[in-house]
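Taking it in order: structure first as structure tokens, then the write-up.
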Amino acid sequence: MSTLGIIVAMREELEIVLERLQEPQTLQRAGMDFHRGSYLGKPVVAVVCGVGKVNAAACTQMLISEFAVGSIINIGIAGAVEPSIRPGDIVIADTLVQHDVELKALGLAPGQVFRLDTFDFPADPALLTIAQTAAQQIEGHQVHTGRIVTGDQFIACNDKIQWLSATFNALACEMESGAIAQVCYLNTVPFVCIRSISDNANNEAHMDFDTFLPIAVNNASTLLHAMVPSC
Ligand code: ADE
């Protein structure tokens, strides 16, 4: 059975997984704790990568090269970009783009990585279906599938969310999954990202964030629990 890598950005997001991890063993690499064990009978390595793209990329390559994971799930929180999406809702990424990649002077569209044969990074179709099925277990919140955009910025600005929407047709924004997706793409490792919305990425984002963080964390953990047996 292949090992599943589970990446989160913040410690709060991994607590529920760690509570249920059987025969846990922790190894430190690149300043991160990689928790190896069995989760619902599936071999997993679960790790808090920290916030931002560099942390996320380093962590992902470590999971692939050192821990030989066969697939990767990223769960966590995101800011809403699409106006109809509310805090507490779930967004499952079908494609991912790094919104802060900008080589306009060289004629490239925003988000296009230099000399890469793709504009966006698709989620693995099988993992996407598993995520969508698992999401049916979430009660009281909407589940959306679409593009998530990533950048090394906490977005708290109406103009910026309008730009993200117009430029990328994004549903949500956050700070890791586009980098994870690119590393998975380069290594041909199946990947999916599921985010629970913690804020509207607008001028009140910091206030929503504090209120909705526990709800979002709980939703993401519920989803992961429902997904792992099928992964
Ligand atoms: N993660 C959660 N909310 C976010 C926001 N508003 N911007 C970037 N990442 C986020």
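Values quoted throughout were computed directly from the atomic coordinates according to the rules given, and no laboratory measurement underlies them. Quantities reported herein were computed from a predicted structural model and do not represent experimental measurements. Reconstructed Cβ throughout: ideal geometry from the backbone, glycine too, with neighbour counts over all protein chains shown.
Might you report the magnitude of the Cβ-based charge dipole of the chain about its Cα centre, with Lys and Arg at +1 and Asp and Glu at -1, to the nearest 20 debye?
Details: 12 positive and 24 negative charges, 103 e Å.
Charge dipole of the chain: 500 debye, to the nearest 20.
Under the √(5λ) rule applied to the eigenvalues of the Cα gyration tensor, what semi-axes describe the equivalent ellipsoid of the range 186-231? Give them in Å, descending.
Details: eigenvalues 144, 47, 6 Å².
In descending order the semi-axes read 27, 15, 5 Å.
Distances over 19 Å make up what percent of all Cα-Cα pairs in the range 1-131?
58 percent
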Query raised in the report: Based on the alpha-carbon gyration tensor of the range 1-63 and its eigenvalue square roots a ≥ b ≥ c, which shape applies: rounded if a/c is under 1.5, prolate if not and a/b is larger than b/c, or oblate?
Result: prolate
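Counting other C-beta atoms within 10 Å, which of 198, 221, 84 has the fewest, and how do the rest follow?
Numbers: 198 28, 221 21, 84 9.
Going from sparsest to densest Cβ surroundings: 84, 221, 198.
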Query raised in the report: Which of the cysteines in the chain are isolated, no other cysteine C-beta under 4.7 Å?
Result: 157, 173, 184, 193, 231
**Report entry** Burial order of peptide ranges 129-139, 22-32, 98-108, 40-50 (average beta-carbon count within 10 Å, highest first)
**Finding:** 40-50, 129-139, 98-108, 22-32
Query raised in the report: What lysines could a cross-link reach from residue 160, if we take a straight Cα to Cα line under 28 Å and drop same-chain neighbours fewer than 8 places away?
Result: 53, 104
Report summary line: Under the rule rounded for a/c under 1.5, else prolate if a/b exceeds b/c, else oblate, using alpha carbon gyration tensor axes a ≥ b ≥ c, the range 55-119 is classed as oblate
Query raised in the report: Over all Cα pairs of the range 116-178, how is the pair count split among 10 Å bins, expressed in % and running from 0 up to the last occupied bin?
Result: 18, 42, 34, 6, 0
Query raised in the report: Can you tell me the Rg and Dmax of the range 93-134, counting just the alpha carbons, in angstroms?
Result: 13.4, 43
Report summary line: Placing each pseudo-label 7 Å from Cα in the direction of the beta carbon, residue 218 and residue 230 end up separated by a distance in nanometres of 2.3 nm
Query raised in the report: So what's the net charge close to residue 144: Lys and Arg +1, Asp and Glu -1, counting the other residues with Cβ under 15 Å from its Cβ?
Result: -1
Report summary line: Non-local residues with an amide H under 5 Å from the amide H of residue 189, with H modelled 1.01 Å from N and Pro and chain starts lacking one, are none
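Once Rh is set to the Kirkwood radius over Cα pairs, what Stokes-Einstein translational diffusion coefficient, in µm²/s, holds for the range 75-149 at a temperature of 25 °C and a viscosity of 0.890 mPa s? Could you put the intermediate results ahead of the total?
Details: Rh = 14.0 Å.
Stokes-Einstein gives a translational diffusion coefficient of 175 µm²/s.
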Query raised in the report: Tell me, in nm to one decimal, what length is gained between residue 162 and residue 105 on full extension, where the rule is 0.36 nm per residue of separation less the Cα-Cα distance?
Result: 18.3 nm
Requested in this report: For the chain, divide the Cα radius of gyration by the Kirkwood radius and give the resulting Rg/Rh value with two decimals.
Outcome: 0.95
